[in-house]
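Reading through the structure tokens given below for one structure.
The values are calculated or read from the model by the stated rules, or taken from the named source; none is laboratory data. These figures come from a predicted structure and were not determined experimentally. All Cβ positions, even for glycine, are placed from backbone atoms using ideal geometry, and neighbour counts span all protein chains on display. The protein model used for the area step is the full one, side chains on, heavy atoms only, and it has no ligands, DNA or RNA in it. Shrake-Rupley method; radii C 1.70, N 1.55, O 1.52, S 1.80 Å.
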Amino acid sequence: MKRSTNSVEVKRQNRNRVFRYVNGHAETSMPEISAALDISGPTVLTIVNELKEEGVLKEAGELKSTGGRKAKAIAAVKDIKYAVGIDLTANHIGITYTDLSEKALKHVRIRKSFEYTNEYLDELAAFTRRFIEENAIPEDKILGIGISMPCIIDKKEQLITYSNALDIYNVSCSEWTEHFKYPAVILNDANCAAIAESAEHVNCGNMVYLMLSNTVGGAVMYENSNVIMTAGNELEAVNMYRGDNWRSAEFGHMVIHPGGRTCYCGKKGCLDAYCSALRLADLTEGKLEIFFEKLEEGNAEYEKIWDEYLDNLAIAVDNLRMCFDCEVVLGGYVGNLIRPYVPRLRQMVAEKNLFGHDGNYVRACDYKAEASALGAAIKLIENYIETI
Ligand SMILES: [Zn+2]
């Protein structure tokens with residue numbers, strides 16, 4: 001009995017690995033799949049035929065010959081499903097959609113102040129409907145809507161337990177999701193941004209995402225790879241460390257200066273009190289870009305503040321490296337603009353690094369404004385891919 005269960009599971013895993021491999025390449029061939037995944041040729045043939053019959057793979061002509069017989073090109077049917085992603089913040093709504101390519105096919109961001117009212121939620125649903133219509137996304141192919149918010153979610157109770165940024169506490173997720181025509185799910189913004197970043201860097205292995213927005217948060221991704229599968233049947237397609245209560249990676253509340261500045265959480269010396277984007281944006285009426293423009297122009301006051309910001313950020317980044325021993329990606333509002341200063345930060349963290357004086361493990365995020373909305377959509381796509 002046990003043996004048959006195992007062989008069913010192995011077969012399921014192989015199917016999924018084959019699909020993910022094909023989906024991760026513009027096109028490939030059966031010999032390539034067989035070699036890359038170490039699955040026998042006949043098994044690959046059986047799986048590819050099954051997946052073609054199910055409509056998720058297709059033949060795509062012939063691969064360019066490298067000598068010898070030309071192999072048939074195999075490709076994934078990217079547009080078999082779509083997902084919509086929304087990013088809610090205190091002052092903006094971002095929306096995007098994607099298919100199995102996991103790229104943002106369109107992204108729109110509008111200024112709209114958050115208020116916790118039925119009118120706001122109805123407007124949000126109408127905005128989403130219009131977006132779907134305008135982009136002619138086939139309704140029957142929409143898996144659902146992922147909604148990213150700066151909040152902590154109790155997944156078991158389906159409760160938004162806490163959002164300092166939106167000022168809401170202990171709100172049932174269904175109060176939100178029932179406004180939408182499609183299945184909707186609420187997700188943490190930093191987790192979503194990390195999902196988008198790791199989808200872009202498949203096979204990057206482990207990654208810590210440090211989100212430097214108006215609050216500081218993060219996510220820990222592990223064994224990110226399109227060929228390593230999570231075990232068991234649980235539909236948890238994204239390898240993210242959650243902790244016991246789904247509250248892991250609240251990096252903003254790591255104390256970096258005991259007895260230091262008071263954080264909004266009440267503690268003293270939290271990273272958030274030093275490295276929130278508001279530390280910088282508050283100097284330029286909320287416009288972070290202006291802060292960086294003035295910094296570039298050589299404004300002495302801003303340079304001093306930026307030096308202090310980087311000093312504190314370097315402490316946090318080094319702590320994360322010591323904890324997790326992996327790449328650290330800087331995201332959020334500051335992460336979107338920090339790229340020119342990454343070489344300097346690398347130098348700063350290299351000096352702190354016990355192991356090899358190397359700072360190249362820290363980098364700026366690739367996905368910027370659309371990161372959280374895209375990650376929310378990708379989460380639904382990943383859940384779908386996990387069922388293939
Ligand atoms: Zn705090």
* the chain, accessible surface, carbon-and-sulfur percent (1.4 angstrom probe) -> 49
* Structure fact -> So Glu351 and Ala35, fully extended at 0.36 nm per residue minus their Cα-Cα distance, gain in nm 109.5 nm
* Once Lys and Arg get +1 and Asp and Glu get -1 on their Cβ, which of Tyr309, Asn49, Ala377 lies farthest toward the positive end of the dipole of the chain? -> Asn49
* Go through Ile256, Leu105, Leu212 and say which Cα lies farthest out towards the positive end of the charge dipole of the chain; charges sit on Cβ, +1 for Lys and Arg, -1 for Asp and Glu. => Leu105
* Asked: Accessible area per residue, 1.4 Å probe, Å², for the chain: what's the number?
  -> 48
* Taking the Cα centre of the chain as the origin, how large is its charge dipole in debye, to the nearest 20, when only Lys and Arg (+1) and Asp and Glu (-1) carry charge on their Cβ atoms? -> 1040
* Antiparallel content of DSSP bridges confined to the stretch 202-364, in %, to 5 -> 55
* Structure fact -> The farthest towards the positive end of the charge dipole of the chain, of the residues Gly85, Ile137, Ala75, given +1 on Cβ of Lys and Arg and -1 on Cβ of Asp and Glu, is Ala75
* Using the C-alpha atoms of the chain, what convex hull volume per residue, in cubic angstrom, is computed? -> 182
* Asked: P(r) of the stretch 252-323 in 5 Å steps, Cα pairs, percent per bin?
  -> 3, 17, 23, 22, 18, 12, 4, 0
* Where does each of 259-269, 273-283 land if you order them by average Cβ count within 10 Å, highest first? -> 273-283, 259-269
* Structure fact -> For the chain, longest principal axis from Cα atoms; helix 189-200 axis from its Cα atoms; angle between them, nearest 10 degrees, is 50
* Once both axes come from the Cα atoms, what is the angle between helix 300-324 and the longest principal axis of the chain, in degrees from 0 to 90, rounded to 10? -> 50
* Asked: How many Å³ per residue does the convex hull of the Cα positions in the stretch 202-364 occupy?
  -> 134
* Structure fact -> In degrees, nearest 10, the alpha-carbon axis of helix 2-23 is tilted away from the dominant principal axis of the alpha carbons of the chain by 70
* Between the stretch 322-388 and the stretch 17-64, what's the alpha-carbon centroid distance in Å? -> 31
* Per residue of the chain, what 222 nm ellipticity follows from adding -39500 (n - 2.57) for every DSSP H run with n ≥ 4, rounded to the nearest 500? -> -12000 deg cm²/dmol
